[in-house]
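Participant: Got a structure for you, written out below as structure tokens; questions coming shortly.
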Amino acid sequence: MITLSTKEELREHILDIRNRYDESKLSSMSQSINNKLNHLSEFKEALNVSTYVSKSKEVGTIDFIMKALRNGKNVLIPIVEKGKKDLRFSQLLGIEELEEGSFGVLEPKENFRRFISGSEVDIAIIPGVVWSIEGHRIGYGKGYYDRYLSSLDKNIPTVGLSYDFQLKSKVPVRKHDIGVQIIVTESKIIRCTN
């Protein structure tokens, strides 16, 4: 059994595993995750939903976003602005408004940006590379979502999307790290106790 102790080691190890998966298998797993997410009471009750737009082999969110839009949800997409440390959120009205932005992530095109405070959400969907069953995460190492999570009111449900293989019993945590309240994988929904 491999023991990986640092965030960097865990991140690299899980990204390596994820990169070996076939796209069709990950797509199928993402559909299961999205299905569970769509049935969460916290999501059903939410009007304003902040979510990332998936890239590469992350848990897919495009179908989730399209369904949320069809169901009348206000979907807020993060934007990374050069030189800024915090995410900004823009309301998305349709997938066609997206283009590749910072870090190769799809973001609203310049002329379709409708900025709304990311803290004015009813539920926040959070990406991650590695997750603990307690809700703590390891991201890509830039700190954008750590800062976003710390800005949210504690009553706003935060949901991490994860493939089962990204889930660990524990991950290294620093004192100021804030976890999510719920993790959704293809096989389960975890109510976290962080």
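The values are calculated or read from the model by the stated rules, or taken from the named source; none is laboratory data. Since the model is a prediction, treat every value here as computed from it, not as a measurement. Heads up, the Cβs are rebuilt from the backbone with ideal geometry, glycines too, and the neighbour counts pull from every protein chain shown. Heads up: the accessible areas ignore ligands, DNA and RNA and are worked out on the full protein's heavy atoms, side chains in. Shrake-Rupley method; radii C 1.70, N 1.55, O 1.52, S 1.80 Å.
Participant: Percent of accessible area on the stretch 52-194 owned by carbon and sulfur, 1.4 Å probe?
Facilitator: The computed percentage sits at 49.
Participant: Aspartates and glutamates near LYS170 by alpha-carbon distance under 18 Å, same-chain residues fewer than 8 away left out - which ones?
Facilitator: Candidates past the 8-residue exclusion: GLU8, GLU9, GLU12, GLU134, ASP146.
Participant: Return the loop-located trypsin sites (Lys or Arg not before Pro) in the stretch 1-68 (DSSP other than H, G, I, E, B) with at most 15 other Cβ atoms within 10 Å of their own Cβ; answer none if there are none.
Facilitator: LYS55
Participant: Let me ask something else about it. Using a 1.4 angstrom probe on the protein heavy atoms only, line up ILE17, ILE126 by accessible area, largest first.
Facilitator: ILE17, ILE126
Participant: Now for a separate question. GLU9 to ARG191: FRET efficiency via 1/(1 + (r/R0)^6), r the Cβ-Cβ distance, R0 35 Å, to the nearest 0.05?
Facilitator: 0.80
Participant: Quick one: helix 23-38 against the long Cα principal axis of the chain, what's the angle to the nearest 10°, folded into 0 to 90?
Facilitator: 70
Participant: Here is a further query. So what's the angle, to the nearest 10 degrees on a 0 to 90 scale, between helix 7-20 and the longest Cα principal axis of the chain?
Facilitator: Roughly 80 degrees, rounded to the nearest 10.
Participant: Using a 1.4 Å probe, what is the accessible area per residue for the stretch 1-76, in Å²?
Facilitator: 54
Participant: What pairs from LYS57/LYS85; LYS25/LYS109; LYS44/LYS85; LYS168/LYS188; LYS57/LYS84; LYS7/LYS44 go past 22 Å between their alpha carbons?
Facilitator: LYS57/LYS85; LYS25/LYS109; LYS44/LYS85; LYS57/LYS84; LYS7/LYS44
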